[in-house]
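In what follows, a structure is listed as structure tokens, so that the remarks can point back to it.
Only the coordinates and a few stated rules stand behind these numbers; no lab work does. Keep in mind that what you see is a predicted model, and the values were worked out from it rather than measured. Glycine also receives a Cβ, built like all others from the backbone with ideal geometry; neighbour counts cover every protein chain displayed.
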Amino acid sequence: MAYGDLVFKGVLLAACILFLSRVSDIPPPYSGQVGPRVWPEIILWGMVVLLGVSVISQFVQVLRRRPVMEPEGKQPPPEPLFRLANVLAAVLFGAYIIGLDFLGFLVATPLFIIIFLRLMRYRGHPVKGLVIGCAVTLVIAFVFGKMFYLPLPRGMGVFRDFTHLMY
Amino acid sequence: MSVDHLMTGFVTALSPVNFLWMFAGLLVGIFMAAVPGIGAELGIVLAIPLTYNSPPEAVFLMMSAMYVGGMMGGAIASILLKIPGHPSAAATTLDGYPMAQQGKAGKALGMAVFSSSTGGLLSSLAMVVVTVPLVKVAVSFGPAEYFALAVLGLTVIASVAGKSLSKALIVTGIGLFLPTVGLDRITGAERFTFGIGPLMDGFHFAPILIGVFAVAEVFNKTGRKIEMIIADRRARASLPSLSEIREVGPTIIRSTVIGTVIGILPAVGGTVASFLGYSEAVRFSKNREKFGKGCLEGVAAPEAANNAAAPGSMVPTLALGIPGSGVTAIILGAFLLHGLEPGPLLFQKNPNLVATIFAGIILVNFLMLISGCWVSTLFSRVLDIPYEILAPIILVLSMVGAYTVRNNIMDVWITLIFGVVGYFMFRYEYPVVPLILALILGPMAELNFRRGLIVAHGSVFDMLTRPITAVLLAVAVMALVIPAFRSIRKSFSGRQGPAREFKQINPKGE
């Protein structure tokens, strides 16, 4: 866990340094005014100092740490940083966003729900999953598209025309 | 704001459409909080898209009702599952669940409804009384004072930091930096856009909020086995009898006072209020031995306290524009979405809206008292809905919420990115609330910092030594330094502890 956190902080530190290097791209202030670069510069310097100190102290801690010998069987297995299901959930959500651009809300959403139910190890009958997917899609499309006149992704071509039937 | 305004507020809140919004908000708030893993905060976040095209009165009546309903709804899961619907309902499990095991789940639910409504009602009256004088003081504030207020609001992170203050500060830094991306609000200069068109508009806080709250929560629960054992499936909530009310009356009043005061203090919130209410109930009780085994007072005390904290926390939010908790930060964000800036100006420009919110919070507590038993009986059945079904629905609603902010698919990608970031934040124990507070307060702090310096002719010293500014900043520094000092002292004593123990066990140091 400590190594992962160290990497997380390291990535943040690198991002802060990158942004700090781009501060000079922001136009300088008018005379007598605090320009648009001052505030982000204060925040970024603060972050660099905080993250720098934090990374160094954590790195030293990791180096000093000695493996603790526990009696066999007593040590709980460390929880993995992420499981395959976590990665698949993020990938599936990403695929859903891409699907929204092409297929639109009405087609992409039931497909997403059905596949996500499988990912969540939903034990119900596949037809039940299909019904849930379609029902949720129609209710959301009706509430947001018809009742509140909020735009939902329409997709392209024939899928776009199809959404005009609903909202 | 006068009594006439308040009366107008009641009339507006009771108009059929607004009343429907309010009732819907109450139902959704109770529903969301009743399901463990969703909670009132997530419920309000997911409801944000519904508010885009709706009148502000209806929006804030609904959100206030969701907040109030959410505080009560958490008790349903606490009583029936021993899993708090939200952290502030944790104390309710101590006596609520034993009551359910004894077959008295209906009684416990009824007491939760009654004490929540009474606590909320009394606290909302106090909210009206306290807010108006506070606004009169805040009217004289200039940019320097607002900057100091924003800084004070940000020091709330010290209280919500959790295990590590440094992690909370890192998250705050991210939250302060993100709103700087895009066009500068004063000069129109580009900042960190890297020539990418959609970044000109900057990051909207709603997709980030939805990502770290809703999407991260689902990602985190994916692949985990979630089992829930319901103590009493056929529970029917019933309001307490007169003799029972007489018995728990002093406890409810005591907890209401505690909850209201704690709610007004930034960041202390409902969780502390409920546990303090519970511990004071034990201290004052003649039958202390009954606590923890399923007594009515043990349910009434935390529920009255956490519901009293909700109107209390609206005081700094409405009067000063400083959110005291995660939920009020989200509500503050909804104000900004509608082009409204909470604080003294809101009371001057939109007194009817403020009066409607006040009236709505009072009315929704009445409404909860009348309908709460029926609603909580109904929603105790939602505990049967497996999380496997709720998870994809939450993701779809998250997508809709992010997309409808600006009709831009890029915002949905931002939601996904922050969902992943939120997942890692959860895994490495970075608190989320400081990020939200910084996202909301960051632009306010920057704008007033720069305006304050213009007024002070560029002199930081002149700006920060104005009397109110100096006092507010001194309080802010103390709020940050004291917990930091405690945490350093704790870590030092923690380091010495095992070493001492080791020397005692092994004097030779081998």
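Structure data summary
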item: Ratio of Rg to Rh over the stretch A:84-163 (Cα coordinates, Kirkwood Rh, two decimals); result: 1.00
item: Order of B:Leu435, B:Leu50, B:Leu367 under a 10 Å beta carbon neighbour criterion, fewest first; result: B:Leu367, B:Leu50, B:Leu435
item: log₁₀ of I(q)/I(0) at q = 0.05, 0.06 Å⁻¹ - the protein assembly as shown, Debye sum with one point per alpha carbon; result: -0.24, -0.35
item: Peptide A:113-120 - average C-beta neighbours from other chains (10 Å radius); result: 5
item: Theoretical gain in end-to-end length, A:Phe162 to A:Ala14 [0.36 nm per residue, Cα-Cα removed]; result: 48.6 nm
item: Average Cα contact separation per residue, the stretch A:2-64, under 8 Å, 6 or more apart, as relative contact order %; result: 44 percent
item: Gain in span if fully extended, B:Ser279 to B:Asn407, counting 0.36 nm per residue against the direct Cα distance; result: 41.2 nm
item: Cα-projected label distance for A:Ile42 with A:Val91, points at 7 Å along beta-carbon direction, nm; result: 4.5 nm
item: Rel. contact order, % - alpha carbon contacts under 8 angstrom, at least six apart, chain B; result: 28 percent
item: Given charges at Cβ of Lys, Arg, Asp, Glu: the protein assembly as shown dipole, positive-most of B:Thr256, B:Leu152, B:Thr317; result: B:Thr256
item: Cα gyration tensor shape for the stretch B:104-189, rounded if a/c is under 1.5, else prolate or oblate; result: oblate
item: Cα shape, chain A, gyration tensor, a/c 1.5 rule; result: oblate
item: Over 22 Å (Cα to Cα) - which of A:Lys9/B:Lys221; B:Lys136/B:Lys349; B:Lys82/B:Lys290 fall in this group; result: A:Lys9/B:Lys221
item: Förster-model FRET efficiency, 30 Å R0, B:Ile488 and B:Asp201, C-beta, rounded to 0.05; result: 0.10
item: Extended-chain gain in nm, criterion 0.36 nm per residue less alpha-carbon gap, B:Val139 and B:Ala474; result: 118.5 nm
item: Cut-off 19 Å (backbone N to label point 7 Å along Cα→Cβ of B:Ser238), residues of the stretch B:355-397; result: B:369-381
